[in-house]
Amino acid sequence: MQHTYSYTLGPRTWQFRDLADLMAKATPARSGDRLAGVMAASAEERVIAQMCLAEVPLKTFLSEALVPYEDDEITRLILDTHDADAFAPVSHLTVGDFRNWLLGDAASSEMLTRIRPGLTPEMVAAVSKIMRNQDLILVARKCRVETAFRDTIGLSGHLSTRLQPNHPTDDMTGIAASILDGLLYGNGDAVIGINPATDNVAQATKLMRMMDEVIRKYEIPTQSCVLTHVTNTLEAIEQGAPVDLVFQSIGGTEATNRSFGFGLSTLKEARDAALGLKRGTVGQNVMYFETGQGSSLSADAHHGLDQQTCEARAYAVARAFDPLLVNTVVGFIGPEYLFDGKEIIRAGLEDHFCGKLMGVPMGCDICYTNHAEADQNDMDNLLTLLGVAGCTFIMGIPGSDDIMLNYQTTSFHDALYARRALDLRPAPEFEAWLETMGVFDDVRRHEPSAGVPGLFGPSLKGLTGGGAA
Amino acid sequence: MSDQPKPPVIDNPWRVLRQYTDARIGLGRAGISLPTSEMLEFQLAHARARDAVHFPLDVEPLLAELTALEDKHLTGLPMRLHSQSEDRFTYLQRPDLGRKLSEASRNEVAAAADDAGEAFDLALVVVDGLSSSAVQNNAVPFIRAFLADLEREPVDLKLAPITVVEQGRVAIGDEIGGALNARAVAVLIGERPGLSSPDSLGVYLTWNPRPGLNDADRNCISNVRPAGLRFESASQRLLYLVREAFRLKLSGVGLKDRTEEAAVVDASSDNKNFLTN
């Protein structure tokens with residue numbers, strides 16, 4: 001099934017070993033592909049590969065599996081669930097034609113929704129490699145992906161946030177302080193999601209109960225999630241814990257997921273268990289997935305693919321389980337995969353585009369670590385670009401500083417910046433809560449209350465001797 | 001009230017909650033943006049963290065401290081090893097090289113294993129990782145706490161010579177543990193520095209260490225430092241994991257950390273906090 005590709009330009013003919021090699025060499029430069037030894041040897045070879053890839057028919061991706069069908073349950077998932085009828089409107093196109101088609105007016109929001117089940121991650125990854133940043137933004141902006149649990153996520157003109165109140169020792173008062181700060185800055189409509197410092201079932205359950213009590217007491221139209229291993233969440237459900245969303249980090253190859261300690265059947269079992277709890281009010285999307293370029297290479301499970309193609313395949317896993325949220329944690333993995341601000345920004349736009357085109361509720365953890373060549377200005381740039389692209393949600397954390405995971409992501413203030421600069425609103429149910437409870441003085445201007453809203457006054461009073469309210 | 005012009009910076013009265021957390025809460029706002037003072041505080045913290053990543057581990061004093069431990073569980077003198085990453089720049093771009101011992105170090109470990117002539121129960125491997133200050137400040141106090149806990153164990157564990165690795169990643173412990181014929185390895189490594197926590201030590205336990213294992217085969221105890229998870233708690237947690245690994249003959253996702261259920265650690269099991277009480 002695999003064959004070589006070649007491209008002749010003037011006197012020279014360029015050879016590519018197979019489709020995977022062509023895809024990798026057509027990928028905009030990044031350190032992870034250099035580390036894997038799959039990237040183009042020169043800038044010229046990269047563009048030649050892009051020219052060659054532009055001539056490849058989309059259909060080819062249905063007959064030339066990049067990871068063997070026999071070896072990989074994700075390849076089987078992709079090919080076995082491919083919808084030929086949905087594919088029909090674009091089935092005659094090459095990758096290059098597909099880019100033109102996506103940018104054209106025939107590719108309306110409705111049409112993009114219709115063809116989704118006909119698109120494989122490899123097709124989507126391929127076209128992204130020959131798109132500029134502005135193309136990725138413009139097409140993603142046309143994609144509609146709406147999900148719901150206790151509020152509605154992903155409506156056009158809306159930007160939600162995950163409130164991330166992590167604490168290095170899971171201290172309940174410390175976590176509560178960050179939750180309060182975030183809520184008062186209008187954050188947390190996508191989820192209140194904690195990465196536990198201690199990863200065991202008892203700890204996860206304790207955090208789940210704590211967030212459940214907060215959400216019920218203040219009647220917040222949002223959901224909670226403890227980002228622990230899927231098998232821990234399953235155990236917690238069996239023990240009667242109040243689980244809203246099931247979390248799992250996922251990758252784009254079976255071997256990657258095996259290194260994470262789960263398979264597709266595990267996800268199905270967990271989703272069924274969470275659905276059985278019937279805790280959603282306006283919808284029943286019960287899964288929260290995180291991804292990120294480089295995870296397959298990191299697990300030595302990339303099958304010679306470039307990291308962006310592996311990443312797109314992870315979205316095929318995600319969409320099979322109707323998630324509420326999918327989050328590409330773009331700059332977390334470090335400089336050996338995405339070296340600097342330029343590479344992080346490009347990857348964030350690619351991931352968002354690929355996810356949205358495949359119908360995944362794509363958010364982005366716009367982030368960097370202290371060993372990457374990046375800073376706050378790079379994050380401002382990516383936040384603004386993703387806001388324009390219609391990103392579903394971003395993280396919200398006190399002052400950009402995750403004191404548990406030791407990296408920087410977007411702050412509560414950053415979310416208000418993006419909403420104000422780009423005229424984006426939080427989820428409608430959550431916005432109504434901000435207004436009704438007096439958390440914001442003016443929800444349309446994204447203006448928080450100057451003092452402590454009455455709702456939270458009594459809680460603070462007990463703690464601060466009455467001075468706070 | 002609405003007739004008064006708003007002050008340029010609006011303070012957050014809940015800032016007093018910072019006595020309970022290092023998180024940057026209650027920063028106040030200029031419009032909806034960060035006030036100047038807070039913005040510059042952040043820039044300073046980031047600048048310091050950047051510097052910390054590139055500051056090298058001072059190995060000799062660390063070896064001297066480890067040599068001075070003189071515990072009956074320890075066999076032999078500590079060894080200084082190096083990965084295949086020659087410098088920090090290579091280290092940051094090529095994690096694969098940080099997972100493998102240099103040829104000289106490999107020979108040294110093989111010689112130590114030959115000298116010992118028998119298997120060890122546990123190898124402690126100290127690795128600089130991404131924060132030299134984490135290792136410089138916290139590795140020895142943690143090991144001291146762990147040795148004290150071992151003293152109270154009914155079964156005597158035989159520890160391999162402690163190794164200190166420069167420019168190393170977590171997985172280098174697998175090669176070292178395997179070469180030393182250790183039944184399990186505990187890697188003590190500097191975690192990537194955060195703005196508020198430049199000195200977090202991570203501890204990774206792997207049963208039956210050998211090259212080719214991955215993260216699903218390990219158990220992790222994170223954020224070991226005086227202002228994070230205290231040495232005594234971290235040590236008890238490691239001891240629990242070691243006992244379980246020896247009992248089940250595995251580590252990783254198959255070994256659930258139930259230290260809290262076993263009431264070994266200090267944290268209370270309730271979820272009391274000011275928002276719901």
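The values are calculated or read from the model by the stated rules, or taken from the named source; none is laboratory data. Just so you know, these numbers come straight off a predicted model, no measurement behind them. FYI the Cβ positions are ideal-geometry reconstructions off the backbone, even for glycines, and counts take in every protein chain you see. Protein only, heavy atoms only, side chains kept; ligands, DNA and RNA dropped before computing areas. Shrake-Rupley method; radii C 1.70, N 1.55, O 1.52, S 1.80 Å.
Within segment A:63-82, is there a residue that is part of a helix (DSSP H, G or I), in contact with a Pro (Cβ under 8 Å, 6 or more places away or on another chain) and open to solvent by 10 Å² or more (accessible area, probe 1.4 Å)? Scanning segment A:63-82, I find at least one residue that is part of a helix (DSSP H, G or I), in contact with a Pro (Cβ under 8 Å, 6 or more places away or on another chain) and open to solvent by 10 Å² or more (accessible area, probe 1.4 Å), so the answer is yes. Say whether the condition of being within 19 Å of the chain's Cα centre (by Cα) and among the aliphatic types (A, V, I, L, M) is met by at least one residue in segment B:92-112. The answer is yes; a qualifying residue exists. The numbered conditions (1) over 13 Å from the mean Cα position of the chain (by Cα); (2) at pLDDT 95 or above are all true for A:GLU336 except (2).
Taking the criterion of being surrounded by fewer than 20 Cβ atoms within 10 Å (Cβ to Cβ), more than 12 Å from every other protein chain (Cβ to nearest Cβ) and in contact (Cβ under 8 Å) with a residue 24 or more places away in the chain, the only residue of segment A:238-251 that qualifies is A:GLU238.
Residues in segment A:416-442 that are facing chain B (nearest Cβ under 9 Å) and among the hydrophobic types (A, V, I, L, M, F, W, C): A:LEU416 alone.
Of all residues in segment B:185-224, those that are of a type in the set (Lys, Arg) and either free of Cβ contacts under 8 Å to residues at least 40 places away in the same chain or in contact with a Leu (Cβ under 6 Å, 6 or more places away or on another chain) (or both) total 2.
Each row is one residue, and each column tells you yes or no for (1) polar (S, T, N, Q); (2) buried (at least 24 other Cβ atoms within 10 Å of the Cβ); (3) touching a Ser or Thr at 6+ places or on another chain (Cβ under 7 Å); (4) in the same structural domain as B:MET79 (by TED's automatic domain parsing).
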position	(1), (2), (3), (4)
B:ILE172	no, yes, yes, yes
B:ILE176	no, yes, yes, yes
B:ALA182	no, yes, no, yes
B:LEU188	no, yes, no, yes
B:TRP207	no, yes, yes, yes
B:ARG210	no, no, no, yes
B:ASN214	yes, no, yes, yes
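A:VAL95: aliphatic (A, V, I, L, M), out of contact with any Pro (no Cβ under 9 Å at 6 or more places or on another chain) and not assigned by TED's automatic domain parsing to the domain that holds A:LEU357, yes or no? In short, no. Being crowded, with 20+ Cβ neighbours inside 10 Å, closer than 24 Å to A:GLY387 by Cα and either touching a helix residue (DSSP H, G or I) at 6+ places or on another chain (Cβ under 8 Å) or of a type outside the set (S, T, N, Q) (or both) is a property that does not hold for A:VAL95.
Does A:ALA347 meet the test of being modelled with pLDDT of 95 or more, under 16 Å from A:ILE78 (Cβ atoms) and away from every other protein chain (no Cβ under 14 Å)? Criteria not met by A:ALA347.
The test for being part of a loop (DSSP other than H, G, I, E, B) and open to solvent by 10 Å² or more (accessible area, probe 1.4 Å) holds for A:GLN284.
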